[in-house]
Number of protein chains: 2
Amino acid sequence: MKKNVLIIGAGGVGQVAAHKCAQHNRQLGDIHIASRNIRKCLAIIDSIHEKGALQDPKGVLRAHALDAMDTAATRRLIEKTGAQIVINLGHAFVNMSVLEACIQSGAAYIDTAIHEDPTRICEAPPWYANHEWKRKPACAEKGITAILGCGFDPGVVNAYAALAVQEYFDHVDSIDIIDINAGSHGRYFATNFNPEINFREFTGKVWSWQNSAWTQNRMFEVKRTDTLPIVGQQTSYLTGHDELHSLSQHLNVPNIRFWMGFGEHYINVFTVLRNLGLLSEKPVKLDDGREVVPLQLVKAVLPDPASLAPGYVGKTCIGNLVKGQKDGQEREIFIYNVADHVEAFAEVGSQGISYTAGVPAVAAAVLIAQGTWDVQKMVNVEELPCKPFINLMNAIGLPTHIRIGNNQEDMLLSFELDEQAQEA
Amino acid sequence: MKKNVLIIGAGGVGQVAAHKCAQHNRQLGDIHIASRNIRKCLAIIDSIHEKGALQDPKGVLRAHALDAMDTAATRRLIEKTGAQIVINLGHAFVNMSVLEACIQSGAAYIDTAIHEDPTRICEAPPWYANHEWKRKPACAEKGITAILGCGFDPGVVNAYAALAVQEYFDHVDSIDIIDINAGSHGRYFATNFNPEINFREFTGKVWSWQNSAWTQNRMFEVKRTDTLPIVGQQTSYLTGHDELHSLSQHLNVPNIRFWMGFGEHYINVFTVLRNLGLLSEKPVKLDDGREVVPLQLVKAVLPDPASLAPGYVGKTCIGNLVKGQKDGQEREIFIYNVADHVEAFAEVGSQGISYTAGVPAVAAAVLIAQGTWDVQKMVNVEELPCKPFINLMNAIGLPTHIRIGNNQEDMLLSFELDEQAQEA
């Protein structure tokens, strides 16, 4: 049983997580938000008060300035705040320093995306083994609960994959994770989260797990078109993504692929930028002799993802299409969530993409606080009990539905659990 | 009668001008090349020796380091070299400082493009009145020959406009200057000269002279398709351009427009960059606090225009489509030049776009050296005798052809002139 939460990062996902933690502060205790830019933390606190989101209005809610690349400073802040749970929503370069601060201080660690080295795009698979998993022995030795990749994807889709393997099939042939944002922000072009991190997903090789081996493709080389619940017919492209790198190691499934939906306009803009070299992480020299990383300039000219939220309309649909056999029959299921940009903004002041990433991280914090997920070692989400997680998300804003076969009615997925898990 | 030439600028056009001056150094005397980067000047000198281009092999050919924004340094170099003719092919920001150095030292001044203030895009028409023409009284007073805009366009097309008005029509209704590059450099995307200057032509308002008044359009708003000599059917877009701003003041023609050919791919890349704000001349702030001008970064990632020359194939066609009346009949003529990228590279080591800009500037230098164009005041090309210019260019690499009406054979345009002008 742990309590008091330190959220690191005050972008769109940080905003969602702070609101959701506030809504559950009787269980979670004090809520702290830290960022390099303390004004962003203060703005989030203001928005929480505006919405009256604190479950216990007398609960502690506080902002802190922090450079999360600085392990010692992060450890001091953890100790000063008494936080036993750290939700790391900073950019992808700080995972290892924040994790180290948690190991040193004994706090539980949660993140939503894989660690990245700023100087390298697309390392060798499995990605987690390049950084996070090297700290597994340290976590085990000190009894540190570290839950890696607990946003929606990676995160919830890992739970869906585990659930499919455990409950719905005797043998699974393939898991296709499909991520569609059918919403519209009304701008000429924008990324839904930090452009620097967003583009890095698409500029390297596309790794996928096929026939039980790592397979390479180029971005936008392979596509599929599906008719999906609510959002209808959508085209998505084979994309490299974090969750393949843990699911391939933890589940005995020969084909695990990730597909991300893109419109033609997005692909055109992306292709122009990439072909011109404007998405490069390698510095170029200007006429005046200064060195500039093109991707950082592109980030500077694009809209701040947080600024998209007020005008965002439409829905997301993210889920796992799983194929295999059950009781001697071929079977196909689609386990998914549909989120609404307008509803997300009304509730927490962020758009739907941030909402789907932030809510699962808070669900993980609640499950750690309850003890259900306080496993005192480093795990990916598919290694944890998935049913209490899915039940809890049904209750706090991200309900899971399932479609079995082609002609079935979709239904809400929820589970009868013993008392401890039901508390969620 | 003047001699000894100082070429300022060692880009692709500077390379062409240096080769052409070398080919005529018996008339032009010593040839000096200056640039901020002296190594570029030395490379040009090497290429002149490689081609054996010096007409008088014992002639002086020398490189100098110069910051042409520094008027005093430019004046000192003019005086040290004894140059009586300065061909300014530096970037568009140095015109006024180089012109001032010429006024102070008594040298003749030639340039090929209008002065630009680095901080402002698209000033009020007529553009020359914002900067260069303010120095007309100073040039007249000191007897300085200053020939503005003597590349191909502006430059040769101004001579074509004057010729049409003087020789081929009783009344001219319209002059449409059409600039087509039907060549291919084989790269994903590149500009044919300095990207920073190139894009500035298209990011501001499109000014044209219609019904004897300045008219505004947006870039790529108005297009036309013509079947042109050699290059065939081509689409071009109404574009703002230097020559409209002098021709509208010097010729009594109610419609003068400039059309530049663009392929769909160019327009797509340009549109993406512009809409993202990447063509802006206004600095943006990076995460690390540094300010960077997006256009300067785009320049840094694009190919160096000089690097395109070796692989460039195909031809350019630039000319004036003139409509009006002659002897009571409606008449239409097209006066033009076709240049070949491969031939340009073989002769002077540059691509055809640089070739068409550099050769007319050297023709102007030769005509000043002969006295024909040594007019001891500031002029645009349409104010000078056009026939010796056209004859000279026939001889030195840019022959002019004319098509009269729709069904006529095209023919080489050349003129019988008195002895002095024939020397060319």
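Every read-out reported here was derived from the displayed coordinates using simple, explicitly stated rules and does not represent laboratory data. Computed from a predicted structure; not experimentally measured. Glycine gets a Cβ as well: all are built from the backbone with ideal geometry, and neighbour counts include every protein chain shown.
Relative to the other copies, what are the label-point distances for B:Lys223, with labels 7 Å from Cα along the C-beta vector, expressed in nm at one decimal and sorted shortest first?
2.3
List the residues whose amide H sits under 5 Å from the amide H of B:Gly240, counting only those 5 or more places along or on another chain, with H placed 1.01 Å from N in the peptide plane.
B:Trp207
So which residue, out of A:Tyr355, A:Tyr168, A:Tyr109, gets the largest mean-square fluctuation from a GNM of chain A using Cα contacts under 10 Å as springs?
For chain A, modelled as a Gaussian network with Cα springs under 10 Å, the answer is A:Tyr168.
What ranking do A:Lys299, B:Lys134 get, fewest neighbouring Cβ atoms within 10 angstrom at the top? Mind showing how you got there, number by number?
On the way: A:Lys299 20, B:Lys134 12.
The most exposed by this proxy come first: B:Lys134, A:Lys299.
Which Rg and Dmax, in Å, describe the Cα atoms of segment A:1-75?
Cα only, segment A:1-75: 11.7, 34 Å (Rg, Dmax).
Comparing A:Gly151, A:Gly240, A:Gly232, which has the greatest mean-square fluctuation in the GNM of chain A with Cα pairs linked when under 10 Å apart?
A:Gly232
Once you have the alpha carbon radius of gyration of segment B:49-172, what is it after dividing by 2.2 N^0.38 Å, with N set to its residue count?
For segment B:49-172, the normalised Cα radius of gyration comes out at 1.24.
Label position 7 Å from Cα toward Cβ: report the copy-to-copy distances for A:Lys326 in nm, one decimal, ordered from shortest.
Listed shortest first, these distances are 8.6 nm.
Return the percentage of antiparallel bridges among DSSP beta bridges fully within the protein assembly as shown, rounded to the nearest 5 %. Don't skip to the end; give the middle numbers.
Values: 92 of 150 bridges.
So the antiparallel bridges in the protein assembly as shown amount to around 60 percent.
So what's the net charge close to B:Leu163: Lys and Arg +1, Asp and Glu -1, counting the other residues with Cβ under 12 Å from its Cβ? Show your work: numbers first, answer last.
On the way: positive: B:Lys387; negative: B:Glu167, B:Glu382.
Net of charged neighbours comes to -1.
With unit charges on the beta carbon (Lys/Arg positive, Asp/Glu negative), name the residue among A:Ala190, A:Tyr266, B:Val342 whose Cα is farthest towards the positive pole of the charge dipole of the protein assembly as shown.
Of the options given, the answer is A:Ala190.
Would chain A count as rounded, prolate or oblate if I go by the C-alpha gyration tensor, calling it rounded below 1.5 in a/c and otherwise prolate when a/b exceeds b/c, oblate otherwise? Could the numbers behind the result be given before it?
Values: a/c = 1.34, a/b = 1.05, b/c = 1.28.
Verdict is rounded for chain A.
Please enumerate, by chain and number, the lysines with C-alpha under 22 Å from the C-alpha of B:Lys315, excluding those fewer than 8 residues away in the same chain.
Qualifying lysines at Cα under 22 Å: B:Lys20, B:Lys223.
Taking square-rooted eigenvalues a ≥ b ≥ c of the alpha carbon gyration tensor, is segment B:110-195 rounded, prolate or oblate, where a/c under 1.5 means rounded and, failing that, a/b exceeding b/c means prolate? All intermediate terms of the calculation are to be shown ahead of the outcome.
On the way: a/c = 2.02, a/b = 1.15, b/c = 1.75.
Cα axes put segment B:110-195 in the oblate bin.
Hey, what's the Kirkwood Rh for the protein assembly as shown if you take every pair of different alpha carbons, in angstrom? All intermediate terms of the calculation are to be shown ahead of the outcome.
On the way: mean 1/r = 0.0324 Å⁻¹.
Final number for the Kirkwood radius of the protein assembly as shown is 30.9 Å.
Taking chain B as a Gaussian network, where each spring joins two C-alpha atoms under 10 Å apart, which residue of B:Val293, B:Val16, B:Val313 fluctuates the most?
Looking only at B:Val293, B:Val16, B:Val313, the largest GNM fluctuation is found for B:Val293.
For Cα pairs less than 8 Å apart in space and 6+ apart in sequence, what is the mean separation divided by the residue count of segment A:152-307, i.e. the relative contact order in percent?
On the way: 222 pairs, mean separation 42.5, N = 156.
Answer for segment A:152-307 is 27 percent.
Only Cα pairs under 8 Å and at least 6 apart count here; give the relative contact order of segment A:1-128 as a rounded whole percent. Walk me through the intermediate numbers first.
On the way: 234 pairs, mean separation 33.9, N = 128.
Relative contact order for segment A:1-128 comes out at 26 percent.
Would you tally the net charge around A:Leu278, using a Cβ to Cβ cut-off of less than 14 Å, leaving A:Leu278 out, and scoring K and R as +1, D and E as -1? Mind dumping the intermediate values first?
Working: positive: A:Arg200, A:Arg274, A:Lys282, A:Lys299, B:Arg274, B:Lys299; negative: A:Glu196, A:Glu281.
Taking every other residue near A:Leu278 into account, the sum is +4.
For segment B:273-292 and segment B:172-197, what is the centre-to-centre distance using only Cα atoms, to the nearest Å?
26 Å
Evaluate the relative contact order of chain A (contact order divided by residue number), counting alpha-carbon pairs under 8 angstrom at least 6 apart; express in whole percent. Intermediate values should be presented prior to the final figure.
Values: 935 pairs, mean separation 82.9, N = 424.
It comes to 20 percent, rounded to a whole number.
Once amide H atoms are placed 1.01 Å from N in the peptide plane, what residues at a sequence separation of 5 or more from A:Lys326, or on another chain, have their amide H within under 5 Å of its amide H?
The list, which skips near neighbours in sequence, is A:Asp170, A:Arg331.
In bins 5 Å wide, starting from 0, what share of all Cα pairs of segment A:261-357 does each bin hold, as a percent?
In whole percents, the pair-distance histogram is 2, 11, 12, 13, 14, 13, 12, 9, 7, 4, 2, 1, 1, 0.
Quick one: Karplus J couplings for segment B:347-363, per residue in order, coefficients 6.51, -1.76, 1.60, θ = phi - 60°, nearest Hz, x for Gly and Pro?
The phi angles translate into 7, 10, x, 10, 7, x, 5, 5, 4, 5, 7, x, 5, x, 5, 6, 4 Hz.
Using a cut-off of 10 Å between beta-carbons, work out the net charge of the residues near B:Thr203 (Lys and Arg +1, Asp and Glu -1, B:Thr203 not included). Numbers along the way, then the final one.
Numbers: positive: B:Arg200, B:Lys205, B:Arg274; negative: B:Glu201, B:Glu281.
Within the 10 Å Cβ shell, the charges total +1.
With charges set only on the Cβ (+1 for Lys and Arg, -1 for Asp and Glu), what does the dipole of segment B:181-297 come to about its Cα centre, in debye to the nearest 20?
Numbers: 11 positive and 11 negative charges, 41 e Å.
Roughly 200 debye for segment B:181-297.
Just how large is the dipole of the protein assembly as shown about the Cα centre, in debye to the nearest 20, putting +1 at every Lys and Arg Cβ and -1 at every Asp and Glu Cβ? Show your work: numbers first, answer last.
On the way: 74 positive and 94 negative charges, 361 e Å.
The calculated dipole for the protein assembly as shown is roughly 1740 debye.
Within 10 Å of each residue's Cβ, count the other Cβ atoms and sort B:Phe169, A:Phe389 from fewest upward.
Values: B:Phe169 18, A:Phe389 28.
Lowest count first: B:Phe169, A:Phe389.
Going 7 Å from Cα along the Cα-Cβ axis for the label, what nanometre distances separate A:Pro283 from the same residue across the other copies?
Taking the point 7 Å beyond Cα along Cα→Cβ, the inter-copy spacings are 1.7 nm.
HN-Hα J couplings of segment B:207-217 from phi, Karplus 6.51/-1.76/1.60, θ = phi - 60°, integer Hz, Gly and Pro as x?
9, 9, 9, 9, 6, 6, 8, 6, 10, 10, 9
List the lysines whose Cα sits under 21 Å from the Cα of B:Lys134, skipping any in the same chain fewer than 8 residues away.
The reachable lysines, counting only those whose Cα sits under 21 Å from B:Lys134, are B:Lys142, B:Lys377.
Can you classify segment A:178-228 as rounded, prolate or oblate using the Cα gyration tensor, where a ≥ b ≥ c are the square roots of its eigenvalues, rounded means a/c under 1.5, and otherwise it's prolate if a/b beats b/c and oblate if not? Walk me through the intermediate numbers first.
On the way: a/c = 2.74, a/b = 1.50, b/c = 1.82.
Cα axes put segment A:178-228 in the oblate bin.
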